[in-house]
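The values are calculated or read from the model by the stated rules, or taken from the named source; none is laboratory data. All figures in this text were calculated on a predicted structure; none of them were measured in a lab. Heads up, the Cβs are rebuilt from the backbone with ideal geometry, glycines too, and the neighbour counts pull from every protein chain shown. Just the protein is used for accessible areas: all its heavy atoms, side chains included, with ligands, DNA and RNA removed. Shrake-Rupley method; radii C 1.70, N 1.55, O 1.52, S 1.80 Å.
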Amino acid sequence: SQTAVGAEAEYNVAAIQYKQGNYDASVKTIADIIRNRPSHPYWVAKALILQADNHVAKGEDFEAKLVLQNLIDKYNGPELKVIAQEKLNAIIQRENDAELMKEMKIKEEIYIQFNENNKEQKLFEEETMPSDTLQTLPNQE
């Protein structure tokens, strides 16, 4: 049906599909909500937030960010805008944290390589000219 109750019921189906890990079915149900229920913007907006959750679950952060940013820019309901912004911020923070961890790992690898090279150099110098060797050389006079 085209009522708000029908829109809510269809959203709940998509939410159950999402919770069961059936992300593709959930996205399809969400597409039906968007196409068939444009006169219920609240449920369309909730469905878009759920669509972003599906994208995140599938490792599609870029798509999730686009959906959330579009909702933030175009939807007028403050409650769902706040939720969308929080989810967008969480994705961005996770990406920033991952980038920071990647940079730290690269710096750690460079540090380890530098120390390993330094260690080899030190061993090399000690092996080629130990200080007690000079004392045991016979007098060449």
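So the values come out like this:
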| quantity | calculated |
| --- | --- |
| Residue that is nearest to residue 58 (Cα to Cα), among those in region 11-26 that are open to solvent by 40 Å² or more (accessible area, probe 1.4 Å) and either part of a helix (DSSP H, G or I) or in contact with a Cys (Cβ under 7 Å, 6 or more places away or on another chain) (or both) | 23 |
| Residues being surrounded by 17 or more Cβ atoms within 10 Å (Cβ to Cβ) and not in a helix (DSSP H, G or I) - total across region 67-100 | 1 |
| Restricting region 92-113 to residues that are aliphatic (A, V, I, L, M) and modelled with pLDDT under 80, the residue that is farthest from residue 61 (Cα to Cα) | 112 |
| One residue from 45, 57 being exposed (fewer than 14 other Cβ atoms within 10 Å of the Cβ) and either at pLDDT 95 or above or under 23 Å from residue 85 (Cβ atoms) (or both) | 57 |
| Selection status of residue 36, open to solvent by less than 30 Å² (accessible area, probe 1.4 Å) and either touching a residue at least 60 places away in the same chain (Cβ under 8 Å) or within 15 Å of residue 13 (Cβ to Cβ) (or both) | no |
| Boolean, residue 64 is of a type in the set (A, V, I, L, M), part of a helix (DSSP H, G or I), without any contact (Cβ under 8 Å) to a residue 40 or more places away in the chain and surrounded by fewer than 12 Cβ atoms within 10 Å (Cβ to Cβ) | no |
